[in-house]
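The values are calculated or read from the model by the stated rules, or taken from the named source; none is laboratory data. Because the structure is predicted, anything quoted here is derived from the model rather than measured. So basically every Cβ, Gly included, is an ideal-geometry build from the backbone, and we count neighbours across all protein chains shown.
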Amino acid sequence: MKTILMTGKNIILASKSPRRQQLLKGLDLEFVVRTKEVEEVYPPGLPREEVALYLARLKAKAFEGDLSPDDILITADTIVCIDGQIIGKPSDEADAKRILGILSGKKHEVITGVCLCSTQNQKSFFVKTEVFFRTLKKDEIDYYLEHYRPYDKAGAYGVQEWIGYIGIEKIAGSYFNVMGLPVKELYEELSAFTAL
């Protein structure tokens, strides 16, 4: 099924993330997934919002020269921040325990930068959501890591998984942004982008 939004355009999602693919499908868009390996390194001293945008643009830059006139490329990067510090993906189980311990009982920010690219234009934007965790017990963190192994996720958790069900007290902003793609804002930006 194709919505009214993208007639005559080839949508390319540059993401291996099954969550992002699921969310984009929710917009009833036909798209293909194409990925390139990109080293996700950013200059020191960038503001948090700029980090997510920089990485989304970096992923788009990898496709320079590869797009056809009817292609629209979507790239995205999600970061988790607490107390002004960016928290990446955990390196192992011990690191995931450490990260979830830091998030426990506190508010943190999830920022997703999105870049839209065609052969003629580029537009990028970011969406920020605040997430409030209740205090997590050690055995809850251990259970989550043992059964869900969230080592590919920024902040060491998936909001749509068990830890989100039992641990998140409230969210201020887009829930889907915390999953990895702010779909309402993406729909609006795509609508404007295709009209350019």
Some residue of segment 74-82 being without any contact (Cβ under 8 Å) to a residue 60 or more places away in the chain and loosely packed, with under 14 Cβ neighbours inside 10 Å: no
Residues located in segment 87-97, provided they are modelled with pLDDT of 95 or more and surrounded by 14 or more Cβ atoms within 10 Å (Cβ to Cβ): P90, E93, D95, A96, K97
Contacts under 7 angstrom Cβ, first residue in segment 1-20 being within 27 Å of E37 (Cα to Cα) and at pLDDT below 90, partner surrounded by fewer than 15 Cβ atoms within 10 Å (Cβ to Cβ) and of a type outside the set (A, V, I, L, M, F, W, C), 6 or more apart: K9/D70
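Filter segment 42-73 for residues that are assigned to a loop (DSSP other than H, G, I, E, B), without any contact (Cβ under 8 Å) to a residue 24 or more places away in the chain and on the phi < 0 side of the Ramachandran plot and give the result. I'd like the intermediate steps shown before the answer.
Quick first cut of segment 42-73, residues assigned to a loop (DSSP other than H, G, I, E, B) only: 42-47, 62-70.
Then keep just the ones that are without any contact (Cβ under 8 Å) to a residue 24 or more places away in the chain; that gives 42-47, 64-66.
Of everything in segment 42-73, those that are assigned to a loop (DSSP other than H, G, I, E, B), without any contact (Cβ under 8 Å) to a residue 24 or more places away in the chain and on the phi < 0 side of the Ramachandran plot turn out to be Y42, P43, P44, L46, P47, E64, D66.
Taking L136 as the residue in question, decide whether it is more than 18 Å from the chain's Cα centre (by Cα), within 22 Å of V178 (Cβ to Cβ) and assigned to a helix (DSSP H, G or I). Can you show your working first?
On the way: more than 18 Å from the chain's Cα centre (by Cα): yes; within 22 Å of V178 (Cβ to Cβ): yes; assigned to a helix (DSSP H, G or I): no.
Considered against the rule, which asks whether it is more than 18 Å from the chain's Cα centre (by Cα), within 22 Å of V178 (Cβ to Cβ) and assigned to a helix (DSSP H, G or I), L136 comes out as no.
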Checklist (1) out of contact with any Asp or Glu (no Cβ under 9 Å at 6 or more places or on another chain); (2) part of a helix (DSSP H, G or I) applied to E169, failing item: (2)
Matching entry among V32, V51 (being modelled with pLDDT of 95 or more, closer than 16 Å to T129 by Cα and not acidic (D, E)): V51
